[in-house]
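Here the structure is laid out as structure tokens; the discussion comes afterwards.
Every read-out reported here was derived from the displayed coordinates using simple, explicitly stated rules and does not represent laboratory data. Please read all numbers here as calculations on a predicted model, not as lab measurements. Cβ placement follows ideal geometry from the backbone for every residue including glycine, while neighbour counts extend to all protein chains displayed.
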Amino acid sequence: MIKLRYLVLALVMMLITGFMTSTNVYAASPLISTDYPGVVAQPGANLAFPLTISDSNGKVSLQVSSAPKGWNAELYGDGRLIHEVFVKPGDEVDAELRVKVPQDAKEGDYKITVSAGGASGSSALSIDIRVSTNATGSDELEVQYPSLSGPDTATFNFSATLSNNSGRSRSYSLGVDAPEGWQVTFKPAYQSNQIASLSLEAGRTQDLDISVDPPDNVTAGKYNITVAAVSGQDVAKANLEVIITGTYRLNLTTPNERLNADVTAGRRGSANLVLKNEGSADLQGITFSSSAPQNWSVTFEPDSIDVLPAGEERQITAYITPDGRAIAGDYMVSITARTRETSESIELRTTVHTSTLWGLVGAAIVVIVIGWVSWAFRKYGRR
């Protein structure tokens with residue numbers, strides 16, 4: 001009888017122990033973890049730490065229990081600020097700790113603590129952040145040749161590469177800080193469509209073509225332009241420099257600024273022109289060309305100008321020879337002055353007159369005919 005009583009007591013103790021063990025499995029303190037609890041970052045960096053909460057059953061409260069003064073550290077879940085998660089038995093839940101390192105943070109080691117509390121206990125996770133100005137991992141916008149030079153009429157094309165070093169996919173807005181009147185556009189490399197934003201997966205890069213157009217009448221000098229790719233609070237910047245070597249501008253007209261000329265069919269006529277350098281840089285190797293009706297000839301004296309200093313002008317003579325069979329009337333002759341940097345064209349309204357020699361011949365023929373008719377009338381009219 002006594003043995004039976006001890007046997008029953010032993011069975012009861014085993015059941016109680018098993019129940020307590022089973023209960024402890026599901027009543028353990030919540031565990032909070034991250035794969036990389038220690039990172040190196042630059043001042044001003046935005047950091048994201050994926051968190052995993054496990055070994056719990058039910059609600060688990062989360063909080064940033066300690067952070068350096070002036071630092072911003074918040075907990076997110078599914079893109080929203082959170083302070084609790086629900087963990088099913090044997091399951092785990094993901095969250096994210098987002099940290100903004102102050103721009104003025106000094107180099108050194110800093111610690112942030114995240115606490116998780118459940119019905120059966122609590123635990124904490126320490127995040128160690130080492131701030132260093134030489135840290136890598138921040139998003140980057142690199143330009144191959146950040147300084148370009150050329151005339152005011154040029155379009156300056158920069159090649160850049162945007163790198164997503166954040167460890168997660170990101171969307172970027174593209175922006176620019178440029179002097180008033182300057183036009184800046186972004187395009188994916190080797191494509192023609194302009195873009196204002198783009199998305200990049202973690203660890204990926206995107207090559208960009210950045211086109212910069214200076215405004216009209218921009219003066220010579222250096223101009224600074226800042227381009228940026230913005231994702232949330234993260235900003236990847238690049239500084240561009242455009243050097244305008246000079247303004248190149250020609251003005252082609254006539255001495256009285258009336259764009260017309262009078263010529264005779266089949267004979268060489270002339271039109272006086274004035275070519276002025278209205279830019280801020282000397283112009284070299286100026287040549288002249290024309291577009292005229294078929295069988296017309298247009299030549300220039302001089303036919304080229306080696307150097308035309310800024311602010312100076314030269315007299316040019318255009319010799320125009322119309323087709324000998326040209327009908328009297330108005331014709332358009334286009335004249336162009338061209339250099340490597342710029343060009344200027346005018347349309348010269350050219351009035352063609354018939355030759356006076358043929359007019360005299362025609363008049364003589366008329367006189368002869370009238371005289372012959374008169375003579376014939378007097379001689380044969382009486383008969």
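What's the ranking of 306-314, 206-214 by average number of surrounding C-beta atoms within 10 Å, highest first?
Most protected by this proxy first, the peptides run 206-214, 306-314.
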Practice task
Mind running the shape call on region 108-194? Use the C-alpha gyration tensor, a ≥ b ≥ c as the square roots of the eigenvalues: rounded below 1.5 for a/c, prolate if a/b tops b/c, oblate otherwise.
Solution key: prolate
Fill in the blank from the handout: Square roots of five times the C-alpha gyration tensor eigenvalues of region 140-244, ordered largest first and given in whole Å, equal 26, 13, 12
Practice task
Taking a cut-off of 27 Å between Cα atoms, list the lysines near K88, but don't count ones fewer than 8 places away on the same chain.
Solution key: K59
Practice task
Could you grab the relative contact order for region 28-131? Cα pairs under 8 Å, six or more apart, rounded to a whole percent.
Solution key: 40 percent
Fill in the blank from the handout: FRET efficiency (T185, I82; Cβ distance; R0 35 Å; to 0.05) is 0.30
Practice task
Can you tell me how much longer the chain between S126 and S173 gets when fully stretched, taken as 0.36 nm per residue apart minus their C-alpha distance, in nm with one decimal?
Solution key: 13.6 nm
Problem - Positive dipole terminus of the chain, leading residue within L252, P293, V93 (C-beta point charges) - result: P293
Fill in the blank from the handout: If one compares the long axis through the Cα atoms of helix 2-26 with the longest principal axis of the Cα atoms of the chain, the angle in degrees, nearest 10, works out at 20 degrees
Completion exercise
Under 18 Å by backbone N from the virtual spin label 7 Å along Cα-to-Cβ at S345, the residues of region 210-254 are 249-254
Fill in the blank from the handout: Checked region 28-131 with the C-alpha gyration tensor, a ≥ b ≥ c its square-rooted eigenvalues, rounded below a/c of 1.5, otherwise prolate if a/b is larger than b/c and oblate if not; verdict prolate
